[in-house]
Amino acid sequence: MTYMKYRRILSYFLTIIVAVSVSISLVSGIDFLTVGNKQFYVKTFATQKLADECNSQLTEKYKALSAKSNLPLDIFDSVKVKFDTKESLVQAVNYVFDENDEALKNGSRYSYFESTINEYIDANDIKMSKQSIELVSLEAEQIYSDTVGIHNLGFLQKTVAEHNSSSLHWLSACLVIIAFSAFLLSYIYKKNIKSALYFASGFMAGSIGVIVSSLVMWLAKIKTQFDVSPDIWAKTFSDMAVKILVFRLVAGAVLLALSITLFIFAQMRVDREQMRKDTRYSKIFSRL
């Protein structure tokens with residue numbers, strides 16, 4: 001009786017360890033594939049939807065500059081053809097990770113605006129001072145940088161590297177702990193199917209923990225608001241954070257479904273073995 005009591009206590013303890021390890025490993029695995037992965041940022045940010053929004057904002061801002069400078073809108077708006085907006089988004093994100101100018105103020109857009117303005121005034125015999133051309137070109141470049149470029153993200157390269165390393169570390173450690181806990185449960189139950197009940201319970205508890213914590217973070221908007229400029233990038237970061245929470249929810253739900261299936265299967269086996277024992281005992285007693 002004492003042995004059974006201690007075995008049950010140890011089983012509960014191992015179940016808790018499995019639950020915590022499952023939660024940490026699930027979150028770490030998602031983080032390794034998202035927060036700690038450069039390509040996740042590129043694929044998340046450099047979308048046609050974001051490019052279309054940037055194009056729309058560029059047109060509106062260049063309309064104001066066109067009226068201010070008395071130059072045709074096409075002079076400024078044509079930058080979207082010369083420098084494809086989606087490709088510029090990819091460039092900006094990649095520049096964050098290789099210490100280039102992610103704000104996209106490397107002079108290439110300025111040179112384009114300057115040469116385009118000069119071509120236009122020469123072709124139409126318009127008088128415009130060199131200083132005015134420079135000022136308009138600089139303002140046009142700044143508008144492009146403010147709309148398509150990325151600002152205040154110098155920390156991202158270091159953050160991604162740290163998340164990549166820490167996530168892999170925690171994931172590996174937790175998988176080892178889960179495997180060792182499974183071995184101990186199997187050992188103390190002498191490879192009896194009852195050990196699977198505790199193991200599956202740990203997985204269910206861990207999955208539920210991930211689901212609940214992700215829902216709370218989503219509803220409370222924890223870590224889904226970012227101080228990044230321009231605003232379109234801040235919104236994109238928020239959408240990315242929500243997407244990560246959705247990944248956690250889906251992964252937690254899938255693991256929970258698998259855990260429940262394992263638990264039901266193990267319980268059916270336990271019930272079947274118990275029925276065999278009861279049947280065997282009843283036969284023995286009937287012979288007496």
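In the stretch 33-55, the residues that are outside any helix (DSSP H, G or I) reach residues that are open to solvent by less than 20 Å² (accessible area, probe 1.4 Å) and not β-branched (Val, Ile, Thr) with C-beta atoms within less than 7 angstrom, at least six apart or across chains, in these pairs: Gly36/Ser167; Ala46/Leu89. For the stretch 8-26, give me the residue count where each residue is open to solvent by less than 40 Å² (accessible area, probe 1.4 Å) and under 20 Å from Ser172 (Cβ atoms). So the answer is 8.
Within the stretch 38-63, being polar (S, T, N, Q), within 19 Å of Leu156 (Cα to Cα) and out of contact with any helix residue (DSSP H, G or I) (no Cβ under 8 Å at 6 or more places or on another chain) holds for one residue alone: Gln39.
For the stretch 107-145, a residue qualifies if it is open to solvent by 80 Å² or more (accessible area, probe 1.4 Å) and either within 36 Å of the chain's Cα centre (by Cα) or basic (Lys, Arg) (or both), and the qualifying residues are Lys127, Lys130, Leu138. Here the stretch 174-224 is the region considered, the condition is being outside any helix (DSSP H, G or I) and within 23 Å of Tyr6 (Cβ to Cβ), and the residue that is least open to solvent (accessible area, probe 1.4 Å) is Tyr189.
May I ask you to list pairs of residues, at least six apart or on different chains, whose Cβ atoms are under 9 Å apart, with the first in the stretch 169-184 being on the phi < 0 side of the Ramachandran plot and assigned by the TED database to the domain that holds Ala19 and the second being surrounded by fewer than 15 Cβ atoms within 10 Å (Cβ to Cβ) and part of a helix (DSSP H, G or I)? What qualifies is Leu184/Leu10.
Scanning the stretch 1-32 for residues that are in a helix (DSSP H, G or I) and either in contact with an Asp or Glu (Cβ under 9 Å, 6 or more places away or on another chain) or without any contact (Cβ under 8 Å) to a residue 40 or more places away in the chain (or both) yields Thr2, Tyr3, Met4, Lys5, Tyr6, Arg8, Ile9, Phe13.
Does Lys82 satisfy the condition of being basic (Lys, Arg), in contact with a Lys or Arg (Cβ under 9 Å, 6 or more places away or on another chain) and open to solvent by 20 Å² or more (accessible area, probe 1.4 Å)? Before you say what the answer is, go through the steps one by one.
Working: basic (Lys, Arg): yes; in contact with a Lys or Arg (Cβ under 9 Å, 6 or more places away or on another chain): yes; open to solvent by 20 Å² or more (accessible area, probe 1.4 Å): yes.
So Lys82 passes the test.
Can you find a residue in the stretch 150-161 that is open to solvent by 60 Å² or more (accessible area, probe 1.4 Å) and closer than 23 Å to Gln57 by Cα? Yes.
Can you say whether Ser66 is in the same structural domain as His169 (by the TED database), among the polar types (S, T, N, Q) and open to solvent by less than 60 Å² (accessible area, probe 1.4 Å), as far as the supplied structure shows? So Ser66 does not fit the description; no. Among the residues of the stretch 69-126, those that are polar (S, T, N, Q), at negative phi and either in a loop (DSSP other than H, G, I, E, B) or modelled with pLDDT under 90 (or both) comprise Ser78, Gln91, Asn94, Asn100, Asn106, Asn124.
The values are calculated or read from the model by the stated rules, or taken from the named source; none is laboratory data. Fair warning: this is a prediction, and the values are worked out from it, not measured in the lab. We place every Cβ from the backbone using ideal geometry, glycine too, and count neighbours over all the protein chains shown. All accessible areas refer to the heavy atoms of the entire protein, side chains included, with ligands and DNA or RNA removed. Shrake-Rupley method; radii C 1.70, N 1.55, O 1.52, S 1.80 Å.
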